[in-house]
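Just so it is clear, none of the values below were taken in a lab; they were calculated from the coordinates. Since we're looking at a predicted model, the values are computed, not measured. So basically every Cβ, Gly included, is an ideal-geometry build from the backbone, and we count neighbours across all protein chains shown.
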Amino acid sequence: MNAWAIAACLGHFETTEYGMQRPRVMIIEDEDLQYEIYEEYFEELTIERARSGSEALALAARYVPQLIILDHILDQAEQGLDFLPDLKKMLPHVPIIVVSGALEVSEQMNALQGPRRAHYCLSKPVDLEVLRQTIQTALQECGEQEVIQQFESLEKTRRSDIEDLLSRSTDRLRRQHQIRLQLSDSNEKPNISALARDHRVARRTIIRDLQEMIRRGELDTSVYPDWEKDSES
């Protein structure tokens, strides 16, 4: 599935009179010539323009794009990166591509770091085909698709943790059952070290097993009279 089809599934498109669906993009750019170049080159996009960061924030209140292209030097002497945190706060799942010829390498790195970051930084004069490929990658791998992947990864991790917890719980109950059988024919205090060797666990694990079985009433306190003292420690 290509980027446009994935974006269509996410429902962020405007339907044209020809029945085709196009990605919705906000371009924050003050230079008319540069904007006209974008508008002519990216005919497959539905574009809304803002000339300043302030105008972009106002536009974002009524226009939710699939992607944002952000220039740094803007109208009204504003700087695009100053508005990056507010844009990400309003549109947290929308990827942002910063396109500017006025950024130092350190500024580009800062823009790409942190929780309210841009996804890409491209330098002007920008290669339009490189920008198109970046847009396609952002639509396919970032934004809502990225959030979905994060949730899937989290769910997979949780399932793995639950399975591991159940496995360890089952192993512990099986070991305690075997210990109870071993101690059923003896009235002597158990040899903790010997039990630890038999079951290939640490001595503290055997002590914890004895404590749990005594609490549940499965063993008499005489089997391990120090269980309360060890519990407190």
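Would you tally the net charge around Ser186, using a Cβ to Cβ cut-off of less than 14 Å, leaving Ser186 out, and scoring K and R as +1, D and E as -1?
Working: positive: Arg180, Lys189; negative: Asp185, Glu188, Asp198, Asp220.
For residues surrounding Ser186, the net value is -2.
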**Q.** Cut-off 12 Å between beta-carbons: net charge of the residues surrounding Arg132, Lys and Arg +1, Asp and Glu -1
**A.** -4
Q) Arranged by the count of other C-beta atoms within 10 angstrom, fewest first, what order do Ser123, Ser160 take? A) Ser160, Ser123
